[in-house]
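For reference, the structure is listed below as structure tokens.
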Amino acid sequence: GIVLQSKGQYRECNEMLNLYLSEHGGEDEYKDQRVLKEISANNWALDRMKYAPEDPKIERLDEGINTPYSEFGSYVLNDTLYYSSLRFENDKDKYTPKRPISKILISVDTAEGMVLESPNVEELHTAHTTFSKEHDRIYYTICEYITGNEIRCDLYYREVNADGSFGMEVKLPAHINNDSTTST
């Protein structure tokens, strides 16, 4: 049933999970609770599928956005695509070869991506863009290499000004950006 669930076959998964309950329900309280939780999750997914487009169009963006490097973390706001790209280098990196760093780029009307001056930080990773529901704040991560390829990140935001520029950088509080974890 769980394999069916991972393939998006929620009805078939529920059939298998209900079969388990009919044959083994009451034998193991933990398993019964897990099965009921998964049935509930499947029902939630089936309900949401009513709102999905029948034939979603998937289109690969051209080389002005997709590069041989890694592009990720996209967010579309009106005619602007915000995304991150791991195609940059920190000139002060002492490693050989230099380790890549990410920056936030924008593409308007699918034009070639351009690096945002703000909120990108010169020698650090900046990535994972999103906006508040009202689009009056931009949220993102700033990350740094700790050792070798180990990266540690914290979440930040900036207010979006009326002219579309961004305000001062604000690091989210310690209960979100815990020093012992990475937050992206």
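Key figures
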quantity	calculated
Cα lying deepest toward the dipole's positive end in the chain, options Ile58, Gln33, Gln9, charges on Cβ	Gln33
For the chain, accessible area per residue (1.4 Å probe, heavy atoms of protein chains only), Å²	68
Farthest positive-ward along segment 79-164 dipole, Cα basis, beta-carbon charges - from Tyr156, Ser102, Val115	Ser102
Bins of 5 Å, starting at 0 and running to the largest distance - Cα pair percent for segment 62-168	2, 12, 22, 25, 18, 12, 6, 2, 0
Protection-proxy order for peptides 19-26, 80-87, each taking the mean of Cβ atoms within 10 Å per residue, highest first	80-87, 19-26
Cα-centre dipole for segment 1-124 with unit charges at Cβ (Lys and Arg positive, Asp and Glu negative), debye to 20	240
Carbon and sulfur %, accessible surface of the chain computed with the full protein complex present, 1.4 Å	52
Cα convex hull of segment 1-96 - mean projected area over all directions, nm²	11.9
FRET efficiency, 1/(1 + (r/R0)^6) with R0 22 Å, evaluated for Ser118 and Leu86 via beta carbons	0.65
Once the Cα gyration tensor of the chain is diagonalised, semi-axes √(5λ) in Å	40, 22, 18
Low-density loop positions, GluC sites (Glu not before Pro), segment 83-148 - DSSP coil, at most 14 other Cβ in 10 Å	Glu112, Glu117, Glu122, Glu123, Glu134
Stokes-Einstein D in µm²/s, Kirkwood radius over Cα pairs - segment 40-87 at 20 °C with 1.002 mPa s viscosity	157
Gain in span if fully extended, Ala162 to Glu144, counting 0.36 nm per residue against the direct Cα distance	3.4 nm
Per-pair calculated FRET efficiency, R0 = 35 Å: Asp32 and Thr110 via Cβ, rounded to 0.05	0.10
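The values are calculated or read from the model by the stated rules, or taken from the named source; none is laboratory data. Model, not experiment: these values are computed from the prediction. When we count neighbours, we look across all protein chains shown, and the Cβ atoms used for this are built from the backbone with ideal geometry, even at glycine. Accessible surface areas use protein heavy atoms only, side chains included; no ligands, DNA or RNA. Shrake-Rupley method; radii C 1.70, N 1.55, O 1.52, S 1.80 Å.
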